[in-house]
Amino acid sequence: MTKTDRNAARPWWLDEVLYQIYPRSFADTNGDGVGDIRGIIERLDYLEWLGIGGIWLNPVMPSPNADWGYDVADYCDVHPELGTLEDVDRLVEAAAERGIRIVFDIVPNHTSDQHRWFKDALTGRDARYRDYYVWADPGESGGPPNNWLSVFGGNAWEWHEPTGQYYLHNFLDAQPDLDWWNEDVRSEFDDILRFWFDRGIAGFRIDVAHALIKDRELRDNLPATDEDHERLKRFGQRPTYNMNRPEVHDVLKRWRKICDTYDPQRILIGETFVYELTQWVEYYGTGTDELNLAFNFPFALGRLDPEQTKDVVRASEELIPPDAWPAWMVSNHDIGRGLTRMCHNDPDLGRVLMMLVLTLRGTPFVYYGDELGMTDTELRADQIRDPVGLRTFGEATVGRDGCRTPMQWNAEPGAGFTVSGVEPWLPFGEHSAVNVEALRDDPDSFLNFTRSLIQLRKESDDLRAGAYQEVDSPDGTWVYRRGENLVVALNLSDEIAAVEVIEGTIRASTTGGRIDEHAPGRIDLQPRQGVVIVADLAHDGVSRRDA
């Protein structure tokens, strides 16, 4: 019996920490400067040591890489640069031996323009796969059918002269949007899900899960207002009709039914990139009929400000259905590393942020390298590979590449990612000190701090399953109970702060040096310090100090 067979009745993702891997940047085994699936297999022992229970892989399916895998050319195969289907099988098996599940990224909103469906669709209005995509005649003025904008900049419609219609692309013009009103499209993806589930894939992270359905009437989006999120104000319009349509929930319910036919049950994780919690919570449905986990972007995109972030967590807890489960992350391949974006590369704040993510009620996601304290890498303009950086900002050194640079395994040339002398697909970050080899041997390192928190989660029923209850605390601090016998206290300010906690033992501290100290009911937190305190209760409920 493998470790994954244990506790089968309780969904595994409720207890585990999930680890996101950008495959091209994790470990290169063939010396071409690009990470691959075999590299992930070779590093599974590290992830087991870290305490990871699930791996979410960014896309590994064949792709021309106009958007680095998010333009899929074949949903039932593997990109040759990354490996083979047999490599996936070996990964699933080897991970299971270590108690780790594999979750794939799936991109159902759009395909590559090199997908056989779209190639066929271009041949004529009566083509077999024409209606798999969103096509429209010109608008009244002779231009695009409406005012929808691409997330990556510019108009969301591309003119196809041979057939006299526009096709929709909410991202690149090389990523034509599928028409999810078409039952044939839905059936195709039913089969795609089953193809991977039957190979042992534990579930899917669904790319832009909120955007599959488009308004049938193709109505214009309304302009953004002063009340909208800053990102929408910069974008210029509310994506009311090309995203967030209510009918998308029918698709997610259909997928959930497929998942629930498998034993053990498979998982659906949604990239629900919405700015209002009232929209976010809708993707859970009743809590048992849509997504198992939905990423909380109001939390992930917020500032590391205790009052603002407490409000988001409090509202999320109030809104989420009783049978649903939160998911927390602050870094990923699109939004950058939380240590840079939220903590301004301050490692002390970074530890507080890591403690927050790993101690809230819900499933935490750790982006590869975050456990080391990796920061976004500054790149020159000529090093940019990201279409967002290239398309939207030209030569400016912006975009998403800075958070996608190779994993830093050691301080040697090649960083342990690839062989010495090989140029990686993206440049290395500063790996002379921030790398696995150096940090693993340092008991006070960011890596061992992260690992200790993950181990504490495994040991603590309160951390894995206990309720969240906010505790009154001074400005600049955040104190909350988890379950009956555990308190987390965070000081995000630059001043010493006295906070009310519980009498017990300090089991984790961002600053080190206080582990296993006794904590009275009131303690002083140093600036940018966080602690986890467990009540001193014996199994019979008697305080160990009084026993």
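A few notes on this one:
- Whole-Hz Karplus values for segment 374-379 come out as 4, 10, 4, 8, 7, 10 Hz, taken residue by residue from phi with 6.51 cos²θ - 1.76 cosθ + 1.60 and θ = phi - 60°; glycine and proline positions read x.
- Translational diffusion of segment 467-535, µm² s⁻¹ [Kirkwood Rh, Cα pairs; Stokes-Einstein; 4 °C; 1.567 mPa s]: 112 µm²/s
- Segment 480-505 and segment 36-101 have their alpha-carbon centroids 39 Å apart.
- The chain: calculated mean residue ellipticity at 222 nm from DSSP helix runs of at least 4, using -39500 (n - 2.57): -7000 deg cm²/dmol
- Relative intensity, log₁₀ I(q)/I(0), of the chain from a Debye sum that treats every alpha carbon as a point, q = 0.09, 0.11, 0.12 Å⁻¹: -0.68, -1.02, -1.22
- Directionally averaged shadow of segment 116-168, computed from the convex hull of its alpha-carbon atoms, nm²: 3.9 nm²
- When +1 charges are put on Lys and Arg Cβ atoms and -1 charges on Asp and Glu Cβ atoms, the dipole computed for the chain relative to its Cα centre reaches about 520 debye.
- Within the chain, DSSP assigns beta bridges of which about 65% are antiparallel (rounded to the nearest 5).
- Put in order of Cβ neighbour count within 10 Å, fewest first, the listed residues Y468, Y367 become Y468, Y367.
- Note on D126, D32, D536: ascending count of other Cβ atoms within 10 Å places them as D126, D32, D536, the fewest first.
- As a length-normalised measure over Cα pairs under 8 Å and 6 or more apart, the relative contact order of the chain settles at 11 percent.
- Among 257-268, 446-457, sorting by the average number of other beta carbon atoms lying within 10 angstrom of each residue, highest first, gives 446-457, 257-268.
- Protection proxy ranking, peptides 51-62, 228-239, 416-427, average beta carbon neighbours within 10 Å, highest first: 51-62, 416-427, 228-239
- Span-like helix ranges in the chain, DSSP H, alpha carbon extent 30 angstrom or more, Kyte mean at least 1.6: none
- Value of relative contact order over segment 467-535, rounded to a whole percent, pairs C-alpha under 8 Å and six or more apart: 33 percent
- Residue exposure sequence - V72, V151 - by fewest surrounding Cβ within 10 Å: V151, V72
- Placing dummy labels 7 Å off each Cα toward the beta-carbon, the span from I496 to T225 is 4.9 nm.
- Spatially proximal lysines relative to K119 (Cα-Cα < 23 Å; intrachain offsets below 8 disregarded): K214
Here, each number is a calculation from the coordinates, and none is a lab measurement. Here the structure is a predicted model, which means the values were calculated and not measured. Here Cβ is always computed from backbone atoms with ideal geometry, including for glycine, and neighbour counts include all displayed protein chains.
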